[in-house]
Structures are given as C-alpha cells and as structure tokens.
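A quick write-up on the structure given underneath.
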Amino acid sequence: MSTGTGADSAPGHTSTPTRAASRNSMFSSLKIRNYRLFATGQVVSNTGTWMQRIAQDWLVLSLTGSASAVGITIALQFLPMLLFGLYGGVLADRLPKRPLLIATQSAMGLTGVALAALTLAGHVQVWHVYLAAFLIGLVTVVDNPARQTFVSEMVGPAQLANAVSLNSANFQSARLVGPAIAGVLITAVGSGWAFLLNGLSFAAPIAGLLLMRTHELHPVTPQPRAKGQLREGLRYVAGRPELVWPIVLVGFIGTFGFNFPIWLSAFTDDVFHGDAGTYGLFNTLIAAGSLAGALLAARRGHSRLRLLVAAAVLFSALLLVTAFAPGFWLFAALLVPIGMFGLTVNVVANSSVQMATDPEMRGRVMALFMMVFTGGTPVGAPLVGWITDTYGARLGMAAGGVISLAAAVAVGLVLSRVGNLRLRLNRHGIAFVPAVTRRELARAA
C-alpha cells in the first residue's frame, strides 16, 4: 500500500502491496468467507439491478419515444453523485461500513418495490421513473464509496487488487444474465415484474452482510467528525499525480464514452428496427466482453497506469469503428471488445487509485473517483442524447468516441511528462519508457 508520499506510485506504474500479490490466482479473494458472502449477495442484487436498468430504459423509451428522455433518466440517476458525491465519501470515512451498507441496500430495495407497484397497477408515468432514478442516485451517493472501501476491510491489502477485479467480474456476470431475463420479462409480462424482482433481490446482500464474522474483518477506524474533512480530501488528491490523472481520464470516459443505454436503444429502435430482445442482446454482448476484461484483470493482480491509457485508447477507437459498422452482426460483434476494454479502464483506474491511497482517506478519494466517473453523466447523457436524436445514433456514438480518444491521448502525454517518460509503440502495444535527457546523452558521450 502507498504510504501517501507518492514515492512508490510513480505515474509510469502503480506499486503493488507485495510481490506475492501479483501472483494471486484468479479467484484468490473468494477463499475469504466474508468476501464470499458479500460476492454471493452482490451477484443476486446486481442481476436485479441490470434487469431494472434495461426495463427502466425501455419503459421510458416506450412512454416517450425519445432517446433524450432516456438520457434524462440516466442523468437524474447520477445527478446526486455530481452534487453530493464528496459528502458521501466523508460519511463513508466517518461511519462503520457494514451497518451503513445494510441501510443503503434496504433503501434501494424499497425503491424498486415502489416502482414495481406503480407499473403493475398501470399508473406509471415517466415522471415516476425520473423520481425513482433520482432517489436511487441519492442512496448511491453513500452506498458507492462505502461499498468500494468495505472491500479492503473484508480482504486486506494483499488481496485488494484481486477483489476489486472480482467485484467487476461479479457485476458483469450479472450483466450477462440480467438483460436477458429483462428482455424476456418485458416481452412476456411487462417491465413491472423486472422492477419487483430487483427490489426483492436486495434481500441477498443484506443477508450476506448480517452473516459476516465481524472479528475477521480488517476495520479502518472511523474518522471523527471534524471541520475541513472535505477540503482535506481534495488537497490529498491534488498533490498526487498518480491519483489525479486516472480520475481525470475516467471522468472523460464516464461522461462521454459510457452512454450505452442511449446509443444501444437508438441503434435498436432507429437503425436495426429491433425490440426489447435486441436491446437485451446488445447489453449482453457488452457484458460478455466486460466479464472477460474483469477476469483478466483479476488474474494480473496488479494495475499499471500505462495499461489504463492503452485500454482507454483502444476503447475509444472501437467506439468510433463500431459507430459506422454497416451491418447488424458486425455491430453486435464489436460490442464484445468494447466491453472488455471499457471494463479494463474502470478496473485498472479503480484498483490503482485505491492502492495508492491511505486507508483513512480512501472513502473520500473513492467518492471523488465515483463522482467524476458517474457524476459527469448528468452533463454527458443529455448532450449525447440530443446529438443522437438530432444527428442519428451513428454520429452520437462517434462523438463519444472522439472526445474519449482525445482525453486518453492527452492524459497519456501528461503522465509521460510528469514521470519523465515517453510513449513508445512496440509489438506488445503502448509502453512508457524512461526519457533520455540531453545531460544524460552528454555524459554517455
């Protein structure tokens, strides 16, 4: 773990807790009982969450016929993170994580049940969906940093990178199943049943949290209430390039490159003239690639910033290529590598930031990370939705790819300058190598 000085976390690479940690097996974190309970509950809940996401997007599209309306729904869900995300991190550092997560998971389950009741009764209107999305976003402000930082309390520093990757694999496994189930349910009986199953699915993570052996946790002492904790977190990040630039990069990628509900619903409806099943298929293909990316990251057991930049460049370039794919099956096939490289960006940035952060600051730093990654959606989603509605699905997706690519290249160049490195292309891909200065050349001569 970084001691906070930055000495062991140069921009060219992120240090690992131990050399042995890099040789972890792909599923080594699952040997820990508390983490197994957590992961089991999360895969059930995540499946329900993906069912609700697909049902929510399709319901809004059915009620309004507008990709912009889907973008507004997404924006409302992530707006609280933009407005209050840093305060959620302060609370995550102040409060015990396990009881806090029991409360947040219960609140999200109740929201799903309430939306299901409105939909099944035939009274749902688009503003109901907007309100539910906003309420879920409010709870997520606290749930997200608490859940992210609770991982280290379950597994300890040596298994942190592996556990972060497995969390993403867990989420993407659910993403494989959830959209497929949602597509069948929406077509057969309507969106309401998907909302209901999502609400009930939160019983699984709550049960897992209650069954944990608290004496086996690695608890971080909650920070006492004090003035200036929010500013302290921002100053902490500002002085560390190994934290700043991954957060900047995922901010651009999250704001402009991860607008798949808008693009895929528009491609389904306007380009390929499909139905909810087609939309579910597209999401499943992205999830398949994402799952592969998460498992590869878990096997690596370490995170390097050069891998982050390379994955961001490839992800952005694939968005551009896919936007102009001429046929249905080529478009569908390209969604798999998009998912793989997009997930690699997320996992590598997440684990590298966590491992470079002191434990007592981790809640605030991860809140900033998630605020930037998802909090930009209220800006990006309506803008991308408007471009998609006005100029078509292909140009909408291409615009996201162009902005993401520019950000990836810019951050790569900044990291190379900060670390006195230069970019080199070789047969293995993109690499940062030490730059040779004029003084060193003179000495060599």
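The values are calculated or read from the model by the stated rules, or taken from the named source; none is laboratory data. This structure is a prediction, so every number in the text was calculated from the model and none was measured. Every residue, glycine among them, receives a Cβ derived from its backbone with ideal geometry; neighbour counts consider all protein chains shown. Heads up: the accessible areas ignore ligands, DNA and RNA and are worked out on the full protein's heavy atoms, side chains in. Shrake-Rupley method; radii C 1.70, N 1.55, O 1.52, S 1.80 Å.
Accessible area, 1.4 Å probe, largest first: how do Met108, Met154 sort?
Details: Met108 20, Met154 0 Å².
Output order, biggest surface exposure first: Met108, Met154.
For Val248 and Val189, the FRET efficiency from 1/(1 + (r/R0)^6), where r spans their Cβ atoms and R0 equals 56 Å, is about 0.80.
Just the accessible area per residue of region 140-262, please: how many Å² with a 1.4 Å probe?
39
Roughly to the nearest percent, how much of the accessible area of region 97-200 is carbon and sulfur, given a 1.4 Å probe?
Details: 2640 of 3560 Å².
Using a 1.4 Å probe with all protein chains present, region 97-200 comes out at 74 percent carbon and sulfur.
Taking the protein heavy atoms of region 207-290 in the context of the full set of protein chains, the accessible area attributed to carbon and sulfur is 59 percent at 1.4 Å.
For region 133-214, the list of trypsin sites (Lys or Arg not before Pro) that fall in a loop by DSSP and count at most 16 other C-beta atoms within 10 angstrom reads Arg213.
Roughly how big is region 156-303's charge dipole about its Cα centre, with Cβ charges of +1 (Lys, Arg) and -1 (Asp, Glu), in debye to the nearest 20? Working shown, then result.
Details: 9 positive and 6 negative charges, 150 e Å.
In debye, rounded to 20, region 156-303 gives about 720.
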